[in-house]
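Below you'll find the structure, written out as structure tokens, and then a few comments.
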Amino acid sequence: MNALLSLVVLVPVLGAMVAASVPPRARAAVTISATVLTGVLTGVVGGHVASAGAVRTELAGWAPPLGIALVADGPSIAMVALSALVVLAAAVAGALDRRLIGSPSFWPLVGVAFAAVNGVFVAGDLFSIYVLLELLTLAAVGLVALGGAKATAPALRYLFVAVTGSLFYLLAVALVYGETGALDLAIAAERMPEGATAAAVIALVAVGMAAKMALFPLHSWLPVAHPAAPAAVSALLSALVIKASLFVLWRVFSALGPVSGLTPMLATVVAAAGATGVVWGGILALRRDRLKTVIAYSTVAQVGYLVLMLPLLGSVVGAEAAWSGGIVLAVAHGLAKAAMFLAAGSLVIAYGDDRLEGLHGALSRMPLTAATIGVAGVSLAGLPPALGFVGKWQLLQAALAEGAWWWVAVLLVGGLLTFAYTGRMIAAMFNVPGEDPPPPHETPRRALVAVPFALAALSLVLGLFPGPLVDLLVGTLPGGGRS
């Protein structure tokens, strides 16, 4: 089992190396094969974690602090499984229509990004996470640049912000090593003394990861980078790349948070920024007139939800629900955003543009694509029976148990804004019954339309049957809450 865990990272690396070496026409098959194999390995490791608990292994038999540890528990398995699903969907869509990927360079780059994001999810030590985050940044910037000349400036802006965020994180790693003599997160959490150093580490990681995942007010790179990239790249960026930084933030808060008395204040500051982002991103999404830009601002808003759990982790009665709800919400967001961006790519192929005013009649001409955006919007809004509802319901329970009614208000207002901008996208595609709307310039292949719909439909299936996912997360919060 230990060897299989390391293969979850190594197989995508090998896939990227092979994809870079073979002719362009063979790259899609290599990437898809490596992704399917990684998904199977994730399923096997996930089955073991579900039945026997977390798996931990040291690479090459070297134990920390000299060696590198990989850890698979419920949250990491949930995120690695999301990674495999989204990469597979983007790869299949890119293989069906190469306009969604921009260039054959997509294939090795997506393999590197896949390996890096999986590595972040299972890495047990802070310096390995830094290296993997840097690798992910380089691959993601390269993927954004595949959008052509218009994507050059957004890619450079993304690179500047991401590298700045990495510097904050690296400084935090140096503080941890200087104070504890360890880089393994579990060991460092045991050795870290109470005091200002732990608070400084948490604050530095919060700023660094906030920049990388576009948490308000450090979000300005995202609404230009995601729309400028090819549609399959936008799906990967929104569904996966920002989740890596979010996951690191969760891990550091949950591991080192109990050590510092300032953690509740820091968590509240981060959550307040997230709450502002929920409202700000939702309002700007309502004011934009291009489909991909609306979805990009929606990501700014949804990122805010994903940090609302941090102040609730200190609750005596609501910590477990907040932890589980945040992770479920991240999975739901990944499925919904990948579906939305891939559906937007199909609409751009069909209508030549993503301006909302040019999509009149798409509801009749491309009903499955319109349904994809609608179902994904339902999940993002947290409405039943989608998976997003399960995550938001758990967060609501945690907030009510803590008496934190203000977080409840944020969840409700954010849900209304999400419903509003999703309705605006659907309304732009609407035509009155009996009207013969203008046909699209081109009809996308049926399989291309079916791929994003499958992701959206999966969010409904998981929302109807959330038990296995929720059970996988039970008891995985370090300490079961701080108090």
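The values are calculated or read from the model by the stated rules, or taken from the named source; none is laboratory data. This one's a predicted model, so the numbers in the text were calculated from it and none came from an experiment. Using ideal geometry, Cβ is built from the backbone for each residue, glycine included, and neighbour counts are taken over all protein chains shown. Just so you know, the surface numbers come from the protein's heavy atoms only, side chains and all, with ligands and any DNA or RNA stripped out. Shrake-Rupley method; radii C 1.70, N 1.55, O 1.52, S 1.80 Å.
See the values below:
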{"item": "Entirely in region 182-239, the helices (runs of 4 or more DSSP H) that have 2 or more residues that are more than 14 Å from Thr164 (Cβ to Cβ) and over 24 Å from the mean Cα position of the chain (by Cα)", "result": "185-191, 196-213"}
{"item": "Tally, over region 426-483, of residues that are closer than 30 Å to Leu256 by Cβ and in a loop (DSSP other than H, G, I, E, B)", "result": "8"}
{"item": "Of all residues in region 36-64 being touching a strand residue (DSSP E or B) at 6+ places or on another chain (Cβ under 6 Å) and at pLDDT below 85, the one that is least open to solvent (accessible area, probe 1.4 Å)", "result": "Pro64"}
{"item": "Flag for Gly415 being crowded, with 22+ Cβ neighbours inside 10 Å, among the small types (Gly, Ala, Ser), touching a helix residue (DSSP H, G or I) at 6+ places or on another chain (Cβ under 6 Å) and under 25 Å from Trp280 (Cβ atoms)", "result": "no"}
{"item": "Residue check for Ile101: farther than 23 Å from Ala28 by Cα, in contact (Cβ under 8 Å) with a residue 12 or more places away in the chain, under 22 Å from the mean Cα position of the chain (by Cα) and surrounded by 22 or more Cβ atoms within 10 Å (Cβ to Cβ)", "result": "no"}
{"item": "Residue count for region 357-397, restricted to those that are open to solvent by less than 20 Å² (accessible area, probe 1.4 Å) and in contact with a Ser or Thr (Cβ under 6 Å, 6 or more places away or on another chain)", "result": "8"}
{"item": "Residue ID - nearest to Pro439 (Cα to Cα), chosen from residues in region 357-378 that are modelled with pLDDT of 95 or more and polar (S, T, N, Q)", "result": "Thr369"}
{"item": "Residue list for region 336-356, filter: open to solvent by 10 Å² or more (accessible area, probe 1.4 Å) and either in contact with an Asp or Glu (Cβ under 7 Å, 6 or more places away or on another chain) or over 16 Å from Arg424 (Cβ atoms) (or both)", "result": "Val348, Ile349, Tyr351, Gly352, Asp353, Arg355, Leu356"}
{"item": "Matching residues, region 35-53, being without any contact (Cβ under 8 Å) to a residue 40 or more places away in the chain and either in a strand (DSSP E or B) or of a type outside the set (S, T, N, Q) (or both)", "result": "Leu37, Val40, Leu41, Gly43, Gly47, Ala52, Gly53"}
{"item": "Residue within region 372-392 that is free of Cβ contacts under 8 Å to residues at least 24 places away in the same chain, within 27 Å of Leu237 (Cβ to Cβ) and in contact with a helix residue (DSSP H, G or I) (Cβ under 7 Å, 6 or more places away or on another chain) present", "result": "no"}
{"item": "Unmet requirement for Val120, which otherwise passes all of (1) open to solvent by 10 Å² or more (accessible area, probe 1.4 Å); (2) within 23 Å of Gly208 (Cβ to Cβ); (3) of a type outside the set (D, E, K, R); (4) assigned to a helix (DSSP H, G or I)", "result": "(1)"}
{"item": "Matching residues, region 262-293, being assigned to a helix (DSSP H, G or I) and in contact with an Asp or Glu (Cβ under 9 Å, 6 or more places away or on another chain)", "result": "Leu291, Lys292, Thr293"}
{"item": "Test: residue in region 9-19 that is without any contact (Cβ under 8 Å) to a residue 60 or more places away in the chain, surrounded by fewer than 20 Cβ atoms within 10 Å (Cβ to Cβ) and closer than 30 Å to Leu329 by Cβ", "result": "no"}
{"item": "Any hit, region 396-415, residues being under 20 Å from the mean Cα position of the chain (by Cα) and at pLDDT below 90", "result": "yes"}
{"item": "Test: Pro468 is touching a residue at least 12 places away in the same chain (Cβ under 8 Å) and out of contact with any Phe, Trp or Tyr (no Cβ under 8 Å at 6 or more places or on another chain)", "result": "yes"}
{"item": "Filtered residue count, region 433-457, keeping only those that are open to solvent by less than 80 Å² (accessible area, probe 1.4 Å) and of a type outside the set (Gly, Ala, Ser)", "result": "12"}
{"item": "Residue count, region 424-445 (criterion: within 24 Å of Ala285 (Cβ to Cβ) and without any contact (Cβ under 8 Å) to a residue 24 or more places away in the chain)", "result": "1"}
